[in-house]
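Remarks on the structure that follows.
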Amino acid sequence: MQWRAGTCFDRQRAGDDPDHCPPSNAHRKLLRTGGTNTMKIRISLTLVAAMCLAQTAVAQSWDAQQTAVWQAIAKTWEMDQKQDSSWMTSMTHANVSGWSMQNPAPRGRASMLKWTKVNNENSKVLTLELSPLSIATADGAAVAHYYYSTANEDREGKRSTEHGYCSDTLIKQGDAWVYLGWNCGQLPKKN
């Protein structure tokens, strides 16, 4: 049998034996990796898309209580960005206890106000983004879990970005949701 010029595809169409076609470089790579890289990419993209859709679906299906809780949380972050610490008295319970991982221990209202004043003198939040993950409400109490990202500037003008997570506990006080506590941590920076 005489080989004609052309690709294996051309030879297959002509009726020649396709088993005698040498594999292409792309086919060799696929055989070597078993196609796992492509499969991993497809799975990763599918998972990311599913998470995005799930977040949107969760936010769209909130009831009135969950929406009110999220609005209270977002408002305090916006006030923090404007360096308005009045929320620490107006939107917290008298027995509030909050713990950010930058602090050595949980802090009450008086300690938070003192340290917020110092922090506001030394840095500011340029922009922020909050991404809710879940909010559970029952019997006048709520727990909210979310991610945050902030762009910050210190007093020397040096800018940095921070990404983290929070779990906030709020309770209903009259018609308003107020903080009873929270725990926030910064995600590790990538090298």
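Mind listing which chymotrypsin sites (Phe, Trp or Tyr not before Pro) in the stretch 114-191 are in a DSSP loop and have 16 or fewer other Cβ atoms within 10 Å?
In loop regions of the stretch 114-191 (DSSP not H, G, I, E or B), there are no sparsely surrounded chymotrypsin sites (Phe, Trp or Tyr not before Pro).
Restricted to Cα positions, what overall size does the stretch 76-132 have along the principal axes? Three whole-Å values, descending.
Result for the stretch 76-132: principal-axis Cα extents of 29, 26, 21 Å.
Fully extended, how many nm does the chain gain between GLU156 and SER134 (0.36 nm per residue separation, minus their Cα-Cα distance)?
Taking GLU156 through SER134 to full extension adds about 4.2 nm, to one decimal.
Could you run the Karplus curve 6.51 cos²θ - 1.76 cosθ + 1.60 with θ = phi - 60° over the stretch 73-85 and give me ³J(HN,Hα) per residue in whole Hz, x for Gly and Pro?
5, 4, 4, 5, 5, 5, 5, 4, 4, 7, 6, 9, 8
With a ≥ b ≥ c the root eigenvalues of the C-alpha gyration tensor of the stretch 74-186, is it rounded (a/c under 1.5), prolate (a/b larger than b/c) or oblate? Before the final figure, lay out the partial values.
Values: a/c = 1.90, a/b = 1.46, b/c = 1.31.
It comes out prolate by the Cα gyration axes.
Quickly work out the ALA94-to-GLN173 label distance, labels modelled 7 Å from Cα along the C-beta direction, and quote it in nm with one decimal.
If labels sit at GLN173 and ALA94, their model points lie 0.9 nm apart.
Readers should treat all values here as calculations from the given coordinates under stated rules, not as data from a laboratory. Model, not experiment: these values are computed from the prediction. So basically every Cβ, Gly included, is an ideal-geometry build from the backbone, and we count neighbours across all protein chains shown.
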